Each structure stands twice: as structure tokens, then as C-alpha cells.
1. Can you confirm whether Glu67 is in contact with a His (Cβ under 9 Å, 6 or more places away or on another chain) and either within 25 Å of His212 (Cβ to Cβ) or hydrophobic (A, V, I, L, M, F, W, C) (or both)?
2. Could you tell me whether segment 6-15 includes any residue that is among the basic types (Lys, Arg), assigned to a strand (DSSP E or B) and at pLDDT 85 or above?
3. Out of Lys94, Lys113, report the one residue that is touching a Gly at 6+ places or on another chain (Cβ under 8 Å), among the charged types (D, E, K, R) and within 21 Å of Gly196 (Cα to Cα).
4. Could you grab me the full set of residues in segment 66-103 that are surrounded by 11 or more Cβ atoms within 10 Å (Cβ to Cβ) and small (Gly, Ala, Ser)?
5. If I filter segment 130-144 for residues that are part of a strand (DSSP E or B) and modelled with pLDDT of 95 or more, do I get at least one hit?
6. So which residues in segment 180-195 are crowded, with 17+ Cβ neighbours inside 10 Å and over 20 Å from Val223 (Cα atoms)?
7. Test of understanding: among Ile205, Ile191, which residue is touching an Asp or Glu at 6+ places or on another chain (Cβ under 9 Å) and either in a strand (DSSP E or B) or not assigned by TED's automatic domain parsing to the domain that holds Gly115 (or both)?
8. Taking segment 81-116, which residues are part of a loop (DSSP other than H, G, I, E, B) and either within 20 Å of the chain's Cα centre (by Cα) or hydrophobic (A, V, I, L, M, F, W, C) (or both)?
Amino acid sequence: MQQQDFGFGTQIRKSPYFDATVRWGAQGFSVYNHMYIPRDFGDPEQNFWNLVNDAILCDVAVERQVEITGPDAARFTQMLTPRDLSNMSVGQCKYVLITNAEGGILNDPILLKLGENHFWLSLADSDILLWAQGVAVHAGMDVSISEPDVSPLQLQGPKSGEIMQALFGPEIMDLRYYWFREMELGGIPLIVSRTGWSSELGYEIYLRDSAHGDALWEHIMAVGAPLG
């Protein structure tokens, strides 16, 4: 690990893992969804081989969540996307497109269904929270739209399964692709999904209390270090 000096503006949000990423060698950041995201951990070729051969842990708290709840949440969520959600089950994820009135793509988030009328949109880079709140004004539906205290990590690579078993036990290997479970790790509330940005085996770990960001990062790194 190495210490770096950076200058950051207060108008851009830091993730709960920010200090940990700096301790573990982050050398450059960019801005995504009005937050800092680490982009440079040194040699990019070595980082690639770490992903392909072992596993990497990524701070993706910039995938900010839009939470949709209320009696009409399912109808409202369906209105936001052309993808058919009628057969979506609680505990399932789906890749969806959020479109405007002309069919233009505004965002391509992962949708998580936490209850029959409880959804998260795990966003790419655009202000869909404001868009959804604006759409809801004249939708005539009983919905509540907000940003929950949720900060995702991604654990990606062929050894991610071994690390997840060490963290959560062998039953985690039963988690199907694009499904999730509500879990805890040392009392830290999480949602764990079998999703990710890479083409390797991977998981997303959604922290549900930002106060535990540093502890969660360090725990995963400590468990993962012996496994590469």
C-alpha cells in the first residue's frame, strides 16, 4: 500500500470506501454520478491479469441507487422501461433501459426487485433519481422515490467464488446469475448479487450502511489476500 496526496472539491461526493482505496494504492480518480471513482491502481496490464487470473475488488459506489416504493411501485417501474417486468420475481435482477418519451436511452441500470412494490435501480452515469421524481409528479401513482444509503462493491475474477465462500460460506455458490440475497457479514447489512461488469465470474456487494464502508473493504481484502 502507498500514500498519495490528492486535492478534491467538496461538491463531489466521496464513497464510503474512498480512504481505503487510497490506502490500497489508488493513484487517480474521475467523476461519475457526481462521485469520485478510483480509475488508476498502477500498471493497467497487471490489473487486467489480476482480473483474468485471480480477483479484483472495485469501489463502484458511484452506481447510486434509486429506490422506488409504494402501492404503485411495480406499475411505475414498468412505466420507466420498455423491458417486460411482469414475470420478474422478488430476489431477481434484470438489465433494463430507462428511456425518454421518444425512446432515447437515458440510463442502463441493473434493476433489483426487493419486494412486490420495492425496487432499486443501480445506475450508470446520469441523474435518473431526478428524472424518476419528475415523471412521478404527473403519473397519478402512489409511489415514493428516493436515494437509499447503499454503496456497491464489485468482486470480479475467477477466484471471486472462493473468496465469497470464505466470506459467506459454501451456500453462496447456489446464488444464480442475476439473482440476489439479503445477507449480513459481521453484523454489516448487505445485499449480494451474482452480477458484475466483467465477463469473469463476479459478484456485487451492496453495503446498506455507509458507516461500515472502511471495515467492509478491509475485511474483504484480508479474506481475499491468501486467495490471490
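The values are calculated or read from the model by the stated rules, or taken from the named source; none is laboratory data. All of these numbers come straight from a predicted model, not from anything done at the bench. Heads up, the Cβs are rebuilt from the backbone with ideal geometry, glycines too, and the neighbour counts pull from every protein chain shown.
1. Numbers: in contact with a His (Cβ under 9 Å, 6 or more places away or on another chain): yes; either within 25 Å of His212 (Cβ to Cβ) or hydrophobic (A, V, I, L, M, F, W, C) (or both): yes.
Against the criterion (in contact with a His (Cβ under 9 Å, 6 or more places away or on another chain) and either within 25 Å of His212 (Cβ to Cβ) or hydrophobic (A, V, I, L, M, F, W, C) (or both)), Glu67 qualifies.
2. Narrowing segment 6-15 to residues among the basic types (Lys, Arg): 13-14.
Okay, now just the ones that are also assigned to a strand (DSSP E or B), so 13.
Still in the list and also at pLDDT 85 or above: 13.
Yes - at least one qualifying residue is present in segment 6-15.
3. Details: Lys94 fails: touching a Gly at 6+ places or on another chain (Cβ under 8 Å).
Criteria check complete, one pass: Lys113.
4. Once the filter is applied, which keeps residues that are surrounded by 11 or more Cβ atoms within 10 Å (Cβ to Cβ) and small (Gly, Ala, Ser), segment 66-103 yields Gly70, Ala73, Ala74, Gly91.
5. Yes; the residues of segment 130-144 include at least one that is part of a strand (DSSP E or B) and modelled with pLDDT of 95 or more.
6. Hits for segment 180-195 are Phe180, Thr195.
7. Values: Ile205 fails: touching an Asp or Glu at 6+ places or on another chain (Cβ under 9 Å).
After applying the criteria, what remains is Ile191.
8. At the first step, the residues of segment 81-116 found to be part of a loop (DSSP other than H, G, I, E, B) are 81-91, 96-97, 100-104, 108-109, 116.
Listed by number, the residues that qualify are Thr81, Leu85, Met88, Ser89, Val90, Gly91, Val96, Leu97, Ala101, Asp108, Pro109.
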